[in-house]
Amino acid sequence: MKIDVFSDIVCPWCFIGTERLERALDSLGMAATARVEHHAFLLRSDTPRTGSNLHEELRAKYGVDPQAMFERVESAARESGIPLELSRQPLTYPTQWAHTLLRHAGPKGTQKALARALFGAHFLEGRNIADPVELRRLAVAHGFSDEEATRLLEDPREFELTQRESDEAHQRGIRGVPFFVFDGRFAVSGAQPESVFREAIQRAATG
């Protein structure tokens with residue numbers, strides 16, 4: 001079974017949704033056989049590479065402390081085994097470089113692991129996932145040579161391909177992430193409960 005995952009690395013609900021998908025696959029004994037393919041969906045490609053303070057932006061936009069919003073996300077994350085504390089990462093970063101590496105990790109068989117590592121680096125370790133040094137470190141740990149990673153991160157054509165992939169997702173009518181497509185037939189939008197993912201997986205497997 002092929003499962004297409006549209007997400008962005010700086011989206012906490014994407015982190016939660018992909019973990020819930022994996023837990024659902026594991027509970028069905030399909031974690032090793034399902035082919036999960038990650039696709040870029042750039043939420044904020046104009047963010048400076050040094051990052052911008054999302055917490056301050058939300059406070060300015062809504063006029064209230066976003067802590068209540070964060071607590072809801074953190075609670076959902078903990079239910080899925082993610083020790084998320086959004087105070088660890090007050091910044092958001094552009095992700096086109098991270099998604100470029102993810103695209104090339106597919107043929108290496110390390111895409112799923114790299115996606116999880118990128119989410120973890122951003123949300124759990126508070127790292128800058130737009131920093132070339134950080135990206136090369138993660139890439140080398142997931143099947144890339146340092147030279148290959150450097151070349152991909154410095155090639156503007158790769159950025160264009162990543163942007164095109166994100167644009168195509170929008171053209172397909174995807175308006176928010178995470179978004180999951182099961183065997184090209186059934187779609188699930190959002191970080192749904194594991195039971196919803198199990199139902200979609202079983203439906204695709206028997207349909």
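Checked against (1) under 20 Å from MET1 (Cβ atoms); (2) in contact with a Ser or Thr (Cβ under 8 Å, 6 or more places away or on another chain), PHE186 meets all criteria but (2). Return yes or no: is GLN163 out of contact with any Lys or Arg (no Cβ under 9 Å at 6 or more places or on another chain), in a helix (DSSP H, G or I) and either of a type in the set (Val, Ile, Thr) or under 18 Å from TRP97 (Cβ atoms) (or both)? In short, yes. Kindly evaluate MET30 against the criterion of being part of a loop (DSSP other than H, G, I, E, B) and out of contact with any Pro (no Cβ under 9 Å at 6 or more places or on another chain). Answer is yes for this residue. Only residues that are free of Cβ contacts under 8 Å to residues at least 40 places away in the same chain, part of a loop (DSSP other than H, G, I, E, B) and open to solvent by less than 20 Å² (accessible area, probe 1.4 Å) were counted in segment 130-160, giving 0. From the list ARG49, ARG44, the one residue that fits, being among the basic types (Lys, Arg) and touching a strand residue (DSSP E or B) at 6+ places or on another chain (Cβ under 9 Å), is ARG44.
Would you please name the residue that is farthest from VAL133 (Cα to Cα), looking only at residues in segment 175-191 that are surrounded by fewer than 19 Cβ atoms within 10 Å (Cβ to Cβ) and of a type outside the set (D, E, K, R)?
Selected residue: PHE186.
Across segment 192-207, the number of residues qualifying as open to solvent by 60 Å² or more (accessible area, probe 1.4 Å) and among the small types (Gly, Ala, Ser) comes to 3.
Scanning segment 102-129 for residues that are crowded, with 16+ Cβ neighbours inside 10 Å, of a type in the set (Lys, Arg) and in contact (Cβ under 8 Å) with a residue 40 or more places away in the chain turns up ARG103, LYS112. Among the residues examined, ALA76 qualifies as in contact with a Pro (Cβ under 9 Å, 6 or more places away or on another chain), within 25 Å of ALA169 (Cβ to Cβ) and either among the small types (Gly, Ala, Ser) or open to solvent by 90 Å² or more (accessible area, probe 1.4 Å) (or both).
Whether any residue in segment 2-10 is touching a Lys or Arg at 6+ places or on another chain (Cβ under 7 Å), open to solvent by 20 Å² or more (accessible area, probe 1.4 Å) and at pLDDT 95 or above is what I want to check. Yes; the residues of segment 2-10 include at least one that is touching a Lys or Arg at 6+ places or on another chain (Cβ under 7 Å), open to solvent by 20 Å² or more (accessible area, probe 1.4 Å) and at pLDDT 95 or above.
The values are calculated or read from the model by the stated rules, or taken from the named source; none is laboratory data. Since the structure is predicted, the reported quantities are computational estimates derived from the model, not experimental observations. FYI the Cβ positions are ideal-geometry reconstructions off the backbone, even for glycines, and counts take in every protein chain you see. When the accessible area is computed, the model is the full protein with side chains, heavy atoms only, and any ligands, DNA or RNA have been set aside. Shrake-Rupley method; radii C 1.70, N 1.55, O 1.52, S 1.80 Å.
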